[in-house]
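A short write-up of the structure that comes next.
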Amino acid sequence: DFDCRLSASATPAAGFDPDPASGLFSVYSASFGGMVALVELTNLSETDTIYTSDSSEIAALESSGWINEGVLGYISPVSVSPSMILYRHYNLSLTSHKYSVSQSESEALEQSGYLLEDISGWVWVPQD
């Protein structure tokens, strides 16, 4: 499952919500200033999707049969104000990845059986 909805834009939204309940986040449509590509990979046999910026992980997933769907957008590999962490969780029994930009939601996912697998990078959260 993928619960976050993505909004690719040339610049992040003008306002930011410090505690995003919406699940929305923004990525840049072009790379600049140290941004890295956020790549989408799907596994059709498990109906699962992974978003990663790690080139070694991308190569390993592709060699395991995952399909590289291309660059979704560009994110920061380090914290920059006012960005937020993009947490990636995995539930082995459900073969399911979930993503969150909320620390409290991340903790709730961990309590419900998901393991924190990775911090995918830092993204921007638009304010409603």
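The values are calculated or read from the model by the stated rules, or taken from the named source; none is laboratory data. Quantities reported herein were computed from a predicted structural model and do not represent experimental measurements. Using ideal geometry, Cβ is built from the backbone for each residue, glycine included, and neighbour counts are taken over all protein chains shown.
A few remarks follow.
- Residue in the stretch 57-74 that is touching a His at 6+ places or on another chain (Cβ under 8 Å), aromatic (Phe, Trp, Tyr) and closer than 20 Å to Leu24 by Cβ present: no
- Matching residues in the stretch 82-104 - criterion: being of a type outside the set (A, V, I, L, M, F, W, C) and more than 18 Å from Ser26 (Cα to Cα): His89, Tyr90, Asn91, Ser93, Thr95, Ser96, His97, Ser104
- Any pair with Cβ under 7 angstrom, 6 or more apart, that starts in the stretch 58-76 at a residue that is closer than 19 Å to Thr47 by Cα and ends at one that is at pLDDT below 95 and charged (D, E, K, R): Glu69/Glu40; Gly70/Glu40; Leu72/Glu40
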